[in-house]
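Remarks on the structure that follows.
The values are calculated or read from the model by the stated rules, or taken from the named source; none is laboratory data. As the structure is a prediction and not an experimental result, all values here were calculated from the model. For neighbour counting, all protein chains shown are included, and Cβ atoms are generated from backbone atoms with ideal geometry for every residue, glycine included. Note: accessible area is taken over every heavy atom of the protein model, side chains too, but ligands, DNA and RNA are not part of it. Shrake-Rupley method; radii C 1.70, N 1.55, O 1.52, S 1.80 Å.
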Amino acid sequence: MEPDIQSYNQLLSGKTPEEIITFFTSRFPGKVAFATSLGAEDQVILSMIASLKAEVKVFTLDTGRLFQETYDLLDLTVKKYKIPIQVQFPDAARVEEMVRSKGINLFYESVENRKLCCHIRKVEPMQRALAGMEVWFTGLRKDQGITRKGLHIVQPDEQYHLIKVCPLVEWHPDQVWGYIREHHIPYNPLHDKGFPSIGCLPCTRAVRPGEDERSGRWWWELPENKECGIHSPLPAAGE
């Protein structure tokens, strides 16, 4: 897989997100997945998948700690696009043991605890959902924060042993929201209340003026720690 990554990035440089989606769905039929968090970028990608009638396995992770607005958007999105979105849940026994041993709000106690919670509620269900896939689409953009500056359109994902593709990697927020308005795409109303990035309720707050858009995620931690573990460590910017 590794030798193809550079050639993929060279070939797809300057291509539209729709062209990138079509490129991979045509080359990996039945082996492409899209993990949506129902954030603004993911809603854009889902709209593109629907308009292209692309063959993609679409799924989302229900951690058990999401905002009600996220659940409402999931229901609205399925009805609008008529695309089945599989809901992946964490292993109940694993969650129960974690809460018994470390408490219901363990994530506030340490980075180690927070990453354990993310691993059980998000990474493990993600591993199950991606089993048998060869490519997965994500809504990551390189200007979302310090941990994502080294992103490319395509990168190898050693954690899940497949190819990770970011169709919107070069987009800026105004492009995302321009597309949403132009195509009348449903989005989470929390975005209008100062939440540019939305995860679990206890770990997400509105951002303050001048803060980057992921500053409201795990706000009590240092910026370099602000990933949940779903995404493998990214290359440094420029690599």
## Note on the structure
With DSSP loop assignment and no more than 16 other C-beta atoms within 10 Å, the GluC sites (Glu not before Pro) in the stretch 49-111 are E55, E109
### Query
Tell me, what is the percent relative contact order of the chain, built from C-alpha pairs under 8 Å that lie six or more residues apart?
24
### Surface per residue (accessible, 1.4 Å probe) for the chain, Å²
48
#### Entry: For the stretch 1-100, convex hull volume per residue from C-alpha positions, Å³
139
### Message
Within the stretch 37-193, count lysine pairs with alpha carbon atoms under 21 angstrom apart where the residues are 8 or more positions apart or belong to different chains.
### Response
14
### Task
Let me have the 222 nm mean residue ellipticity of the chain computed from DSSP H runs of 4+ only, each contributing -39500 (n - 2.57), with the sum over all residues rounded to the nearest 500.
-10500 deg cm²/dmol
### Summary
Once Lys and Arg are counted +1 and Asp and Glu -1 for all other residues with Cβ under 15 Å from that of Q68, the total becomes -2
## Note on the structure
Note on the chain: C-alpha Rg/Rh, Kirkwood Rh, two decimals, gives 0.94
### Query
Can you give me the pair-distance distribution of the stretch 59-164, C-alpha pairs, 10 Å bins, whole percents?
12, 33, 40, 15, 0
### Message
Run the numbers for K79 and N105: contour at 0.36 nm per residue of separation, minus the present Cα-Cα distance, in nm.
### Response
6.0 nm
### Local electrostatic count at I83 - Lys and Arg +1, Asp and Glu -1, tallied over other residues with Cβ under 15 Å
+2
### Query
Between F28 and K53, what is the FRET efficiency for a Förster distance of 22 Å, r being their Cβ-Cβ separation, to the nearest 0.05?
0.85
### Task
Mind grabbing the accessible area of V169 for me, 1.4 Å probe, Å², rounded to tens?
0
### Distance between modelled label sites at W177 and E19, nm, 7 Å Cα→Cβ extension
2.8
### Summary
Taking every DSSP bridge whose two residues both lie in the chain, the antiparallel percent to the nearest 5 is 35
### Summary
Expected field for K193, accessible surface area in Å² at 1.4 Å probe radius, rounded to 10, holds 130
